[in-house]
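The values are calculated or read from the model by the stated rules, or taken from the named source; none is laboratory data. Since we're looking at a predicted model, the values are computed, not measured. Cβ atoms come from the backbone with ideal geometry, glycine included; neighbour counts cover every protein chain shown. We work out accessible area using only protein heavy atoms, side chains counted, and drop any ligands, DNA or RNA first. Shrake-Rupley method; radii C 1.70, N 1.55, O 1.52, S 1.80 Å.
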Amino acid sequence: MRILITGADGFVGGRLVRRYAALGHDVTAAARLGTAPDLGPIALRPFDLTDDRSVRDVVAGDFDAVVH
C-alpha cells in the first residue's frame with residue numbers, strides 16, 4: 001500500500017512513518033519546511049501549510065491512503 005503521512009516531524013507522525021514502513025508499506029513522509037526528521041531511507045516531502053501550491057504538490061501522487 002502507498003501511504004502519505006503528514007506530520008512526520010511530530011511525535012505521532014514520526015512513529016507512524018516508521019511503523020508502516022516496518023510493515024512493508026511504501027511510505028512517503030510529509031513534514032513542515034525547515035524540519036529534518038531522521039527517517040532513514042524513507043522519502044521526505046517538505047511543505048508549507050500556508051502555501052496552497054506547496055500542499056497540492058505534497059499530496060500529488062498515486063496514494064492509497066493519507067494519514068493526517
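So which residues in region 19-37 are of a type outside the set (Lys, Arg) and open to solvent by 60 Å² or more (accessible area, probe 1.4 Å)?
Tyr20, Ala22, Leu23, Gly24, Asp26, Leu33, Gly34, Ala36
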**Report entry** When residues of region 38-68 are limited to those that are in contact (Cβ under 8 Å) with a residue 60 or more places away in the chain and hydrophobic (A, V, I, L, M, F, W, C), the one most open to solvent (accessible area, probe 1.4 Å)
**Finding:** Val66
Query raised in the report: Mind checking which residues of region 35-68 are among the β-branched types (Val, Ile, Thr) and part of a loop (DSSP other than H, G, I, E, B)?
Result: Thr35, Ile42, Thr50
Query raised in the report: Only one residue in Asp52, Asp64 is at pLDDT 90 or above and in contact with a Lys or Arg (Cβ under 6 Å, 6 or more places away or on another chain). Which one?
Result: Asp64
Query raised in the report: Which residues, taken from region 1-18, are open to solvent by 60 Å² or more (accessible area, probe 1.4 Å), more than 23 Å from Thr50 (Cβ to Cβ) and aliphatic (A, V, I, L, M)?
Result: Met1
**Report entry** Filtered residues of region 14-33 (kept if part of a helix (DSSP H, G or I) and within 8 Å of the chain's Cα centre (by Cα))
**Finding:** Val17
